[in-house]
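**Q** This is the structure, below, for whatever I ask next.
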Amino acid sequence: MKTPTIVVWSLGFAALAMAAEESMVTPTIESVGLFKNGLAVVRASFPVKGPGVYRWDKVPRVVHGSFWVESDGVVAVQSGTRPIDDATAEVPSGQLQWDLAGNEVTVTLKTTGGAQNPVLTGKVWEIPPHAAAKTWDTDYSSLSPAAGSYYGYRGSAAAPPTGPGALPNTGNFLVLQDPAGNRRYVDQSSIASVSINGPFKPAKHPEDRPVLLFDVQQVPASGGAVRVTYLTKGLAWLPAYQVDLTDPANLGIRQNAVVRNEMGDLADSEIQLISGFPNVRFGAVDSPLWPGTGLTAFFQQVNQSGSSAGGILSNNSLSQQMVFSNGSSRADSSPLPEVAELGNTSDDIHYESIGKHSLKAGDSLSLDIASASAAYERVVEWVVADPRDSNGRYRRGNGNEQARDDQAWDAVRFANPFKFPMTTASAVVMEGGKFRGQCLSQWVNPGQRTCMRITKALSVRADSSELEEEGQREIVWIGGNDYQRTKVKGRLALQNFRGKELTLTIRCEFSGELLEAEAAPEKSLLTEGVASVNPRRQLDWTIKLPAGQEKVLTYRYQVLVRR
């Protein structure tokens, strides 16, 4: 049975850890749940045989507030540093003092004339480790980037050291030491050769590296396990779809996923692909548990993450849509789901397991994860965007008084045939083995209809225009501003140059009050213009246009134009 766990963030209490022998552990990453924006939910565990201090030498870069421990005992967690030797030190650095430290050597010196070369013997002196002093920045009164606040401690980078960096040296001298502790400084420019007496012993150069220490107490006699769950960065999955229209009645659709691993090595770990748009309020904030951050950096990141009311997922740009899973600009509070819910579809989030895989850091994995078929309809989609701004004036663009999207697109309309949502991703359309187009597929719930654009419908002429009706312009005062009420007539003209009948879906957006519209379109009020004096509206037609025929649709509305 799981018991409550005590978790302590500390950079100090060394007495606890140093008083007991530390056992090295390498937690097994059991599963990773991947979002499309580089965040991942990681679950790892390691066994414990009894009470003691267990040391993890790989400290993950954890998102603030996401590190949680479960155990069969009681656990306190400490973050700190320990001297750790780099086992890859056999690669020569070019510095004799560093490379040969601790080895017994014979040094042959250069000489001039015919005299025999002098020879010296001794042990190469080992440079003791030296820890740089840390001066923490505690000026929390000014945390804006413009104020030049520091990350971590003054004079250091935000990231923890990953290698020796600039090697300590003894200048131009090779320092030898005899059994009595006497040192001899040999000018390296006078050395002809150096030979090692006996087998070479790789030099040990322990460095202070960040570690996590788990102080485990009250473990059952049979032993137990410590399990950790956290959010981190460095893993992402990128979906893609292929839609095949070769069959005139039913399309085939495949979903592919590319998994990119930049976090660390995965060995036979369960990989789960997450579709959804959760509210990760502190996704851009590093936990103080990670040694690469300090309180100044932490407070600054918290302040920056608080500048967006909806959390870090509230950006509705195209790049956000591509890495997250829908096009919504609002990220309401939605807690992270349980990772164990494999293949589960909730109202707004979905986990899909692709099995266990092993990936080295830097590896990518591509595989198909689903396929299905669905009945479909070929249509021509024409979206006529609202040409007016919030003041009722025509937008400026492309040299005309109106800035409109009056391009008709050949498209395919179908219902999502999968038992799970189609997430936001690129979609390639094929037909008879030939490439037809690529588009952005938005989030589509199971059974929900969607329309994917394929290519511009060049065989269909689609023209839109608006004309102000003649008459006296009425002046209206609203909130201290004067507007003129204008009546406008819109005209949508279409002509089919194909040799067959086609189905057209037309969406026309405008600002103002609708007076009349031809052919009984569906009418809807859009939410974007709720704060404007002119409500934004939308008209939707679906019509059949025979081969070679023309069709004109008209509508009228009145709009308030700010003077």
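**Q** State yes or no: is Leu440 over 38 Å from the mean Cα position of the chain (by Cα), hydrophobic (A, V, I, L, M, F, W, C) and at pLDDT 90 or above? Explain how you work it out, then say what you get.
**A** On the way: over 38 Å from the mean Cα position of the chain (by Cα): no; hydrophobic (A, V, I, L, M, F, W, C): yes; at pLDDT 90 or above: yes.
Against the criterion (over 38 Å from the mean Cα position of the chain (by Cα), hydrophobic (A, V, I, L, M, F, W, C) and at pLDDT 90 or above), Leu440 does not qualify.
**Q** Need the failing condition index for Thr246 against (1) modelled with pLDDT of 95 or more; (2) closer than 30 Å to Val74 by Cα; (3) among the β-branched types (Val, Ile, Thr), just the number.
**A** Among (1) modelled with pLDDT of 95 or more; (2) closer than 30 Å to Val74 by Cα; (3) among the β-branched types (Val, Ile, Thr), the lone unmet condition for Thr246 is (2).
**Q** I would also like to ask the following. Does at least one position in the range 266-287 carry a residue that is surrounded by fewer than 14 Cβ atoms within 10 Å (Cβ to Cβ) and modelled with pLDDT of 90 or more?
**A** Within the range 266-287, the first condition is being surrounded by fewer than 14 Cβ atoms within 10 Å (Cβ to Cβ), and the residues that meet it are 267-268.
So of that shortlist, the ones also modelled with pLDDT of 90 or more come out as 267-268.
Checking the range 266-287: at least one residue is surrounded by fewer than 14 Cβ atoms within 10 Å (Cβ to Cβ) and modelled with pLDDT of 90 or more.
**Q** Considering only residues of the range 191-235 that are crowded, with 17+ Cβ neighbours inside 10 Å and of a type in the set (Phe, Trp, Tyr), which is nearest to the chain's Cα centre (by Cα)?
**A** Residue satisfying both the conditions and the ranking: Tyr230.
**Q** Among the residues of the range 512-530, which ones are in contact (Cβ under 8 Å) with a residue 24 or more places away in the chain and loosely packed, with under 11 Cβ neighbours inside 10 Å?
**A** Answer for the range 512-530, where residues must be in contact (Cβ under 8 Å) with a residue 24 or more places away in the chain and loosely packed, with under 11 Cβ neighbours inside 10 Å: just Glu516.
**Q** Give the residue, chosen from Val429, Val444, Val460, that is hydrophobic (A, V, I, L, M, F, W, C), closer than 22 Å to Thr542 by Cβ and either in contact with a Pro (Cβ under 9 Å, 6 or more places away or on another chain) or without any contact (Cβ under 8 Å) to a residue 40 or more places away in the chain (or both). Before the answer, list the steps.
**A** Working: Val429 fails: either in contact with a Pro (Cβ under 9 Å, 6 or more places away or on another chain) or without any contact (Cβ under 8 Å) to a residue 40 or more places away in the chain (or both); Val460 fails: either in contact with a Pro (Cβ under 9 Å, 6 or more places away or on another chain) or without any contact (Cβ under 8 Å) to a residue 40 or more places away in the chain (or both).
Just one listed residue meets the conditions, Val444.
**Q** Output the residues belonging to the range 33-58 that are under 26 Å from the mean Cα position of the chain (by Cα) and in a strand (DSSP E or B).
**A** Within the range 33-58, the first condition is being under 26 Å from the mean Cα position of the chain (by Cα), and the residues that meet it are 33-45, 56-58.
Of everything in the range 33-58, those that are under 26 Å from the mean Cα position of the chain (by Cα) and in a strand (DSSP E or B) turn out to be Gly33, Leu34, Leu39, Ala40, Val41, Val42, Arg43, Ala44, Ser45, Trp56.
**Q** Scan the range 128-145 and tell me whether some residue there is at pLDDT 80 or above, surrounded by 15 or more Cβ atoms within 10 Å (Cβ to Cβ) and assigned to a loop (DSSP other than H, G, I, E, B).
**A** No, the range 128-145 has no match at all.
**Q** Still on this model: Name the pairs whose Cβ atoms lie under 6 Å apart, with the first residue in the range 377-405 and farther than 22 Å from Leu458 by Cβ and acidic (Asp, Glu), the second modelled with pLDDT of 90 or more and in a strand (DSSP E or B), and 6 or more positions between them or separate chains?
**A** Matching pairs, first to second residue: Asp386/Glu509; Asp386/Phe510; Asp386/Ser511.
**Q** Also: Considering only residues that are crowded, with 16+ Cβ neighbours inside 10 Å and touching a Phe, Trp or Tyr at 6+ places or on another chain (Cβ under 9 Å), which ones fall in the range 542-561?
**A** Correct list: Leu553, Tyr555, Tyr557, Val559, Leu560, Val561.
Conditions tested, residue by residue: (1) modelled with pLDDT under 95; (2) in contact with a strand residue (DSSP E or B) (Cβ under 8 Å, 6 or more places away or on another chain); (3) hydrophobic (A, V, I, L, M, F, W, C).
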| residue | (1), (2), (3) |
| --- | --- |
| Glu518 | no, yes, no |
| Pro521 | no, yes, no |
| Ser524 | yes, yes, no |
| Gly529 | yes, yes, no |
| Val533 | yes, yes, yes |
| Trp541 | no, yes, yes |
| Leu553 | no, yes, yes |
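**Q** Consider Arg436 carefully, then state whether it is of a type in the set (D, E, K, R), closer than 29 Å to Ile349 by Cα and assigned to a strand (DSSP E or B).
**A** Working: of a type in the set (D, E, K, R): yes; closer than 29 Å to Ile349 by Cα: no; assigned to a strand (DSSP E or B): yes.
No: the conditions fail for Arg436.
**Q** Would you mind telling me which numbered condition in (1) at pLDDT 90 or above; (2) in contact with a strand residue (DSSP E or B) (Cβ under 7 Å, 6 or more places away or on another chain) Pro206 fails?
**A** In the conditions (1) at pLDDT 90 or above; (2) in contact with a strand residue (DSSP E or B) (Cβ under 7 Å, 6 or more places away or on another chain), Pro206 misses (1) alone.
The values are calculated or read from the model by the stated rules, or taken from the named source; none is laboratory data. Worth saying up front: this structure is predicted, and the values here are computed from it rather than measured. Please note: Cβ atoms are built from the backbone with ideal geometry, for glycine as well, and neighbour counts cover all protein chains shown.
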